[in-house]
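Notes to accompany the following structure.
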Amino acid sequence: VDLREELARHRAEEQKLAWEGTFLDYFELVKRQPEIADLAHARIYRMIMGAGVQTDERGEKRYQFFVHDIFGLERPLAQLVEYFNSAARRLEVRKRILLLMGPVGGGKSTLVTLLKRGLEQFSRTDAGALYAIADCPMHEEPLHLVPHNLRAGIQKEYGIYIEGDLCPSCAQMLRDKYGGRVEEVPVRRITFSEKHRVGIGTFSPSDPKSQDISELTGSIDLATVGQYGSESDPRAYRFDGELNVANRGLMEFIEMLKCDEKFLYGLLTLSQEQSIKTSRFSMIYADECIPKML
Ligand SMILES: [Zn+2]
């Protein structure tokens, strides 16, 4: 190993991952490589297919993404890939929670772990690159900055589909800090990381008696409410629920104990309407895949 070369390569990679620019710079990137603005399911589908597919002697497809860790589950895997394929095309199935059923030790958690670790890796590659509004607590897609009345024109001219609205925090920032000048808003590349709570979440309901919906949707920051004078000021809200965290990627829902109904409503609203409902704000857009194990 030539250490000097390795270090130079490492540095070059870190530099790429540290990309920062304005929204206009970002828009140029999207024009060149539209898939950087893929929605969550489409990105996952590209990740799986990008690893390669082989057809065995019986005509069964073998997805290389799973091949080293999951054995003898060709049919369920084919169904799973088909789910992502349809969801990537924004068909109705995208609005469903991905329910994984099967015996303990049957590969469900291995599968979800593969998707999570896979996304972390993939987001560090050129093919899996993605970007977010700098400092957005939900690392949201910068294309949300584009006003609705311009979106149809952009789709027609560049084939770029835009879905979703700014989160309350970014809406306030655009208004107060940038006076509505979308083009100046800073954007940076992000990488998924469960450890750093970016794009990958895990939710496992705690004791039914102490279950608190804020674990999913975030909560008011009581320490700063006084400072901002209102409970509905986004600066006094912590967008740190698992659904907020997992925006753009995947939130694993582990049903350990019986779950309170309000949690299930929270999950359904997210998967069906791509939004998180909180008591403080109108719906907050979020885009993520939710595998749930039974
Ligand atoms: Zn935001």
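General remarks:
- Qualifying residue in the stretch 273-280 (condition: closer than 20 Å to Val93 by Cβ, modelled with pLDDT of 85 or more and part of a helix (DSSP H, G or I)): yes
- Applying the set (1) at pLDDT below 90; (2) exposed (fewer than 13 other Cβ atoms within 10 Å of the Cβ) to Arg94 leaves exactly one unmet item: (2).
- Scanning the stretch 22-37 for residues that are surrounded by 11 or more Cβ atoms within 10 Å (Cβ to Cβ) and either aromatic (Phe, Trp, Tyr) or over 22 Å from Asp135 (Cβ atoms) (or both) yields Phe23, Tyr26, Phe27, Lys31, Gln33, Pro34, Glu35.
- Filtered residues of the stretch 224-264 (kept if in contact (Cβ under 8 Å) with a residue 24 or more places away in the chain, hydrophobic (A, V, I, L, M, F, W, C), surrounded by 15 or more Cβ atoms within 10 Å (Cβ to Cβ) and outside any strand (DSSP E or B)): Phe239, Leu243, Val245, Ala246, Cys259, Phe263
- Meets criteria (under 25 Å from Ile133 (Cβ atoms) and among the acidic types (Asp, Glu)) for Glu60: no
- The stretch 190-204 residues that are more than 23 Å from Leu267 (Cβ to Cβ), paired with ones that are among the basic types (Lys, Arg) and buried (at least 18 other Cβ atoms within 10 Å of the Cβ) (beta carbon under 9 Å, 6 or more apart): Ile190/Arg248
- Pairs, first closer than 18 Å to Ala286 by Cα and without any contact (Cβ under 8 Å) to a residue 60 or more places away in the chain in the stretch 169-182, second outside any helix (DSSP H, G or I) and near the ligand (Cβ under 9 Å from one of its atoms), C-beta under 9 Å, six or more apart: Cys170/Ile133; Cys170/Asp135; Cys170/Cys136; Cys170/Pro137; Cys170/Met138; Cys170/Glu140
- Restricting the stretch 97-113 to residues that are surrounded by fewer than 18 Cβ atoms within 10 Å (Cβ to Cβ) and at pLDDT 90 or above, the residue that is nearest to the ligand (Cβ to nearest atom): Thr113
- Taking the stretch 123-223 as the region of interest, the strands (runs of 3 or more DSSP E) fully inside it that hold 1 or more residues being among the small types (Gly, Ala, Ser), closer than 26 Å to Lys16 by Cβ and more than 16 Å from the ligand (Cβ to nearest atom) are 200-203.
- Taken together, the residues in the stretch 225-242 that are closer than 26 Å to Phe203 by Cα and more than 15 Å from the ligand (Cβ to nearest atom) amount to 4.
- Glu120 surrounded by 15 or more Cβ atoms within 10 Å (Cβ to Cβ) and either in contact with a His (Cβ under 7 Å, 6 or more places away or on another chain) or part of a helix (DSSP H, G or I) (or both): yes
- In the stretch 1-21, the residues that are basic (Lys, Arg), farther than 13 Å from Thr191 by Cα and surrounded by 11 or more Cβ atoms within 10 Å (Cβ to Cβ): Arg9
The values are calculated or read from the model by the stated rules, or taken from the named source; none is laboratory data. Values in this document were obtained by computation on a predicted structure and should not be read as measured data. Methodologically, a virtual Cβ is constructed for each residue, glycine included, from the backbone with ideal geometry; neighbour enumeration extends over all protein chains shown.
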